Amino acid sequence: LKSIKLPNSVTRIEWGAFGNCGSLESIKLPNSVTTIGSSAFWSCSSLESITIPNSVTTIGSAAFGLCSNLTSITISDSVTEIGEDTFFRCESLTSVTIPNRVTVIGNQAFSGCDGLTSITIPNSVTSIGVFAFADCDGLTSVTIGNSVTSIGGGAFNSCDGLTSVTIGNSVTSIGNNAF
């Protein structure tokens, strides 16, 4: 299975729907999709890019985990939470824009994304989960928005290339081994 085009009648992509489709290179998600379930595209190692349509409000945990060739992702402005392990070990991911409506970045959401070089956490985000960006070796700069109140333990742990961090003025809690 190398390519998928879903019809407009699809509103939900459930748990593991395309998980472990190692040859899947492209998929076009219609504007009718509102939910991408947990592990929906887990370990689709040939998938290089995907655009999340504006209709999507929920991306489940580990939805794109282990998509090792995923280089670009466009997350729609309607998404309000980036869940646990959503982009876990997407090693080729070089850039991501976190929409201004996202309030939570879950545990290990971007852990092991070695290709990321910089990240800006928008002002809408209030918490950064445990190990959210851990092991992102290419990460050199981080800007954390003014609404973030807590940075989870190990959030930026083992980011060996990190040279610049700007922390917003609302942070009240920084977890163990955060940096």
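The values are calculated or read from the model by the stated rules, or taken from the named source; none is laboratory data. Quick caveat: nothing in here was measured; it's all calculated off a predicted structure. Methodologically, a virtual Cβ is constructed for each residue, glycine included, from the backbone with ideal geometry; neighbour enumeration extends over all protein chains shown. Surface accessibility is based on the protein's heavy atoms, side chains included, excluding ligands, DNA and RNA. Shrake-Rupley method; radii C 1.70, N 1.55, O 1.52, S 1.80 Å.
Kindly indicate which of S92, S68 is touching a residue at least 24 places away in the same chain (Cβ under 8 Å), surrounded by fewer than 20 Cβ atoms within 10 Å (Cβ to Cβ) and in contact with a Gly (Cβ under 8 Å, 6 or more places away or on another chain).
So the residue among S92, S68 that is touching a residue at least 24 places away in the same chain (Cβ under 8 Å), surrounded by fewer than 20 Cβ atoms within 10 Å (Cβ to Cβ) and in contact with a Gly (Cβ under 8 Å, 6 or more places away or on another chain) is S92.
Going through the range 139-174 one residue at a time, which ones are within 16 Å of A109 (Cα to Cα) and either not hydrophobic (A, V, I, L, M, F, W, C) or not in a loop (DSSP other than H, G, I, E, B) (or both)?
V142, I144, S150, I151, G152, G153, G154, N157, S158
Only residues that are open to solvent by less than 40 Å² (accessible area, probe 1.4 Å), among the hydrophobic types (A, V, I, L, M, F, W, C) and touching a residue at least 24 places away in the same chain (Cβ under 8 Å): list them for the range 105-138, please.
I105, A109, F110, C113, I119, I121, V125, I128, A132, F133, A134, C136
Considering only residues that are of a type in the set (V, I, T) and at pLDDT 95 or above, look in the range 1-33 and name the one that is surrounded by the fewest Cβ atoms within 10 Å (Cβ to Cβ).
Step by step, filter the range 1-33, then rank; the result is T11.
Of the conditions (1) within 10 Å of the chain's Cα centre (by Cα); (2) open to solvent by 10 Å² or more (accessible area, probe 1.4 Å), S78 clears all except one; give me its number.
Result: S78 fails condition (1) only.
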